[in-house]
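The block underneath contains the structure these notes are about, expressed in structure tokens.
The values are calculated or read from the model by the stated rules, or taken from the named source; none is laboratory data. Given the structure is predicted, the values throughout are model-derived calculations rather than measurements. Quick reminder, even Gly has a Cβ in these numbers, built from the backbone with ideal geometry, and neighbours come from all protein chains shown. Calculation scope for accessible area: heavy atoms of the full protein, side chains included, ligands and nucleic acids excluded. Shrake-Rupley method; radii C 1.70, N 1.55, O 1.52, S 1.80 Å.
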Amino acid sequence: MKVLFEELATKPSPSRQWIGSESWITDTNLLRFTFCEGAIGFAIPKSDIPGLRDFLLDLSPTEVESSPVLTEFWEETFKCTLKKDVTAGQRVCNGSEDLQKVSNDFVHSSPLRITTLVYKAVYAIAHAIHTVVCLERNFITKCDKQLMLESKQVLAALKKVNFTQNGYSVFFDANGDPVAAYELVNWQKDISGNIELVTVGYYDASLPKNKEFIINRNLTWMDGRQKVPKSVCTESCPPGTHRVLQKGKPICCYDCIPCPEGEISNTTDSSDCFPCPIEFWPNAERDSCHPKPVEFLTIDETLAIILAAFSVGGACLAILTAAVFFHHRTTPIVRANNSELSFLLLFSLTLCFLCSLTFIGAPTEWSCMLRHSAFGITFVLCISCVLGKTIVVLMAFKATLPGSNVMKWFGPLQQRLTVVFVTFVQVIICTVWLVARPPFPMKNFSTYKEKILLECALGSAIGFWAVLGYIGLLAVFCFVLAVLARKLPDNFNEAKFITFSMLIFCAVWLTFIPAYVSSPGKFTVAVEIFAILASSFGLILCLFVPKCFIILCQPEKNTKKYLMNKK
């Protein structure tokens, strides 16, 4: 390090923050290099060795010559030799050397560092030997000084030593290591501009957790700065970004790239981003994951309120129509339109309107099964009533032909059985569907990345399309029969209104299929509710509003002659 610093001192160089190891950071001979101001490093703790100064000052030349260690110390301190035969250029020690007149850390009893470790090592060996040669019995210690020691005996005892010497504990762990203890030192300028070694903290592995390392004084960094220098050519990447190295530049040069969609980084200078769990999504800063919002058609949102209002309104309209028909049940227009099927149709329409309410709210296991099965059965009940009314119109016309006796084959009993049979088939389809693979609530993570769609999975797609297909088949069949009966010579031909109602019904459900398939999340439910309401309103408006208008507003037309188109 001395050679390196001397070379760097010959010409100015960019400022550097020096971090030193204990081998040179405490060397006082290097403190003269002022451009190293702010250097920091760990050092061996310094400590006094009691009696060392007095021992050195009391040394005689004879004692020094008898010890190679002391001879080396003496010759290094006074730059002379104790040997009789000297080479050219060497000075012989003459005995006038005085340790009190020299500047030396050992003599002035300055706190020592590496020397302290040697001091503790010697005492550790001494304690180990004492443990082997001395035995304590009845509080009396006896030592066998003639005992021939083996190295393994001393080693075994050395592993177990535990003593305090000069304020410092000495013991070894299972790996044979002493407790790590260091000082954090800092090169700081004093008032006169000279560099001095300042202890600014310490590390002691024997202290409790989170208290091993403490900095108790302010540090001075390079060029006398008080703030920690940055050793990068790029500012730190904030959370929400990750580092990407710049090609052809040092590793401290990088770009801060925002995390990809669905990923976060929650630390500064993160080298990579990681994805959030499937039910979580990053915030706008992409530094933390938050639970995804769960979306479904809730009762408190505007769309649901509008659909619910139309549903309840439609049910009330059906009930009101039934009340009007019941009040005028003896009039020709009610009797001519098969009042029994009309009341059953109004009842099924009421259920159709109300079943749309089951589609609003959070899907549950029971609501998923109820909404699809109730929708399928009530609509088939409704179409079966319309089908029965259509067949009655056709049969009534055939019955007016000479020699025809067809009405006896499709009387009230046959009409009831037709409705029951047609509806029972749909009940069987729904039962098989619900038993085999019923609809169930499901969290949809694929449609949207940033939110969860809570919806009803079909369970068995075949079951769902079988229910819809059966309704469509009945609607088409009913539509064909109504078209055939639309030009019958009644002044109030119900087949015309059935034709219009079935035309609206089929149009609604034909447009429903692509809309249902392409609509995501709660809009799928809204489309299904809209289809139910639209087709239900189409039926009640086409089949019952004209009759109610005649009953309430034009009672003079509510006669048998007018209905039969007789002048």
- Only one residue in L317, L351, L303 is assigned to a helix (DSSP H, G or I), touching a Ser or Thr at 6+ places or on another chain (Cβ under 7 Å) and either at pLDDT 85 or above or more than 30 Å from C553 (Cα to Cα) (or both), so which one is that? L351
- Test A495 against the stated conditions and say whether it is in a helix (DSSP H, G or I) and modelled with pLDDT under 75. yes
- Within segment 66-79, is there a residue that is of a type outside the set (V, I, T) and in contact (Cβ under 8 Å) with a residue 40 or more places away in the chain? no
- Answer from I114, I140 - the residue that is within 29 Å of S23 (Cα to Cα) and either out of contact with any helix residue (DSSP H, G or I) (no Cβ under 6 Å at 6 or more places or on another chain) or at pLDDT below 90 (or both): I114
- Requiring at least 2 residues that are under 30 Å from Y203 (Cα atoms), the helices (runs of 4 or more DSSP H) wholly within segment 1-67 are 2-8, 52-57
- Query: Going by the structure shown, is G224 touching a strand residue (DSSP E or B) at 6+ places or on another chain (Cβ under 8 Å), modelled with pLDDT of 90 or more and either within 30 Å of D27 (Cα to Cα) or open to solvent by 70 Å² or more (accessible area, probe 1.4 Å) (or both)?
  - Reply: no
- Task: Quick one: in segment 239-271, of everything that is out of contact with any strand residue (DSSP E or B) (no Cβ under 6 Å at 6 or more places or on another chain) and in contact (Cβ under 8 Å) with a residue 40 or more places away in the chain, which residue is most open to solvent (accessible area, probe 1.4 Å)?
- Result: E261
- Task: Name the single residue, out of those in segment 136-150 being out of contact with any strand residue (DSSP E or B) (no Cβ under 7 Å at 6 or more places or on another chain) and open to solvent by 100 Å² or more (accessible area, probe 1.4 Å), that is farthest from G176 (Cα to Cα).
- Result: N138
- Message: Testing K209 on (1) farther than 30 Å from E285 by Cβ; (2) touching a residue at least 40 places away in the same chain (Cβ under 8 Å), one condition comes back false. Which one is that?
- Response: (2)
- Unique residue being at pLDDT 90 or above, closer than 30 Å to A156 by Cβ and under 42 Å from the mean Cα position of the chain (by Cα) when the list is Y202, Y182: Y182
- Within segment 1-29, of all residues that are touching a Gly at 6+ places or on another chain (Cβ under 9 Å), farther than 17 Å from R225 by Cβ and of a type in the set (A, V, I, L, M), the one least open to solvent (accessible area, probe 1.4 Å) is I25
- Message: Take the residues in segment 424-478 that are charged (D, E, K, R) and open to solvent by less than 70 Å² (accessible area, probe 1.4 Å); name whichever of them is modelled with the highest pLDDT.
- Response: K451
